[in-house]
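The values are calculated or read from the model by the stated rules, or taken from the named source; none is laboratory data. Keep in mind that this is a model prediction, so the values were computed, not measured. Here the Cβ positions follow ideal geometry from the backbone for every residue, glycine too, while neighbour counts run over all protein chains shown.
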């Protein structure tokens, strides 16, 4: 199973876990497995059409999946998937 | 002509001058530089103090940072300080044309977009330093490098996710600010940074740092040849 790194805003859905395991041969399958174990998480990552939301970046190891094969990017058990939300800030 | 430092500066920066890869010329480049820091945040405060301590000659800071007199007093003992308006990032853009490097430290999505446009056009290096809860992000975008990604290449719509952000743990914000300052020191003093086009992620809970690669999006509209949807247009 691949390792998925969960950012602070989504840890409410993973029982506070910063790192979880997920099964799947592609990024899309990994997200589906995440949803099975942590209901509600996929909605936070993907829009109604199933595409990754524009304020979320997903990296397979150190590469942005947008420059690989997006949700069809292959995943190996040794891979680390990073979910990286845009942080705009703005509070003093 | 060989750049010079006075006796006081040589004493003040003696340990920094002894660093491998650093010399008098690099220190003089810092002393001659102006850095604009956007954001009235803990990240911005940490960046300003670290840059002033390293020897940057002039800082342009957000008016919100200047609300703490002791902070301004500390900075002005180390460098020249210019203050922008308290609530409008737009006023800082007027200062930006004189800037040799920029730091966006949680100034908000609109400020980041405007800064992105300006930095790209002026070919000025900039660093983004933001934090959220236990996590921090620092990105280095050196617009002097051919083919450099811009912020829009990486975050096409950062404002859509603003409700997701939480208040940061104070040391996490300080880490982001100090790292941003380090990157600016290298960008100005050494002419570049090995962290260019990298996103450094701190997981404060796990206690680790990851380095992710940032790429120019060939379809990014900011570069004049995109259709507005970027790389996501081809999403499976």
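Of all residues in region A:58-83, how many are under 20 Å from residue B:151 (Cα atoms) and within 7 Å of chain B (Cβ to nearest Cβ)?
Of the residues in region A:58-83, 8 are under 20 Å from residue B:151 (Cα atoms) and within 7 Å of chain B (Cβ to nearest Cβ).
Go through the residues of region B:194-202 one by one and say whether even a single one is touching a residue at least 40 places away in the same chain (Cβ under 8 Å), outside any loop (DSSP other than H, G, I, E, B), within 27 Å of residue B:40 (Cα to Cα) and more than 12 Å from chain A (Cβ to nearest Cβ).
For region B:194-202, residues touching a residue at least 40 places away in the same chain (Cβ under 8 Å), outside any loop (DSSP other than H, G, I, E, B), within 27 Å of residue B:40 (Cα to Cα) and more than 12 Å from chain A (Cβ to nearest Cβ): absent.
Confirm whether residue B:157 is under 20 Å from residue B:108 (Cβ atoms) and modelled with pLDDT under 90.
Yes.
Return the only residue of B:109, B:167, B:176 being at pLDDT below 85, within 17 Å of residue B:40 (Cα to Cα) and within 16 Å of the chain's Cα centre (by Cα).
B:109
Do we find a residue being in a helix (DSSP H, G or I), without any contact (Cβ under 8 Å) to a residue 60 or more places away in the chain, buried (at least 16 other Cβ atoms within 10 Å of the Cβ) and within 11 Å of chain B (Cβ to nearest Cβ) anywhere in region A:23-37?
For region A:23-37, residues in a helix (DSSP H, G or I), without any contact (Cβ under 8 Å) to a residue 60 or more places away in the chain, buried (at least 16 other Cβ atoms within 10 Å of the Cβ) and within 11 Å of chain B (Cβ to nearest Cβ): present.
Of everything in region B:203-217 that's more than 7 Å from chain A (Cβ to nearest Cβ) and not in a loop (DSSP other than H, G, I, E, B), which residue is farthest from residue A:20 (Cα to Cα)?
Only one residue fits best here, namely B:209.
Which count do you get for residues in region A:38-57 that are at the interface with chain B (Cβ under 9 Å from one of its Cβ atoms), part of a loop (DSSP other than H, G, I, E, B) and surrounded by 14 or more Cβ atoms within 10 Å (Cβ to Cβ)?
Residues in region A:38-57 being at the interface with chain B (Cβ under 9 Å from one of its Cβ atoms), part of a loop (DSSP other than H, G, I, E, B) and surrounded by 14 or more Cβ atoms within 10 Å (Cβ to Cβ): 4 in total.
Report every pair of residues separated by at least 6 positions or lying on different chains whose Cβ atoms are under 6 Å apart, first residue within region B:109-122 and over 13 Å from residue B:222 (Cα atoms), second at pLDDT below 85.
Once the first residue is over 13 Å from residue B:222 (Cα atoms) and sits in region B:109-122, its partners that are at pLDDT below 85 give B:109/A:88; B:109/B:158; B:109/B:159; B:111/B:89.
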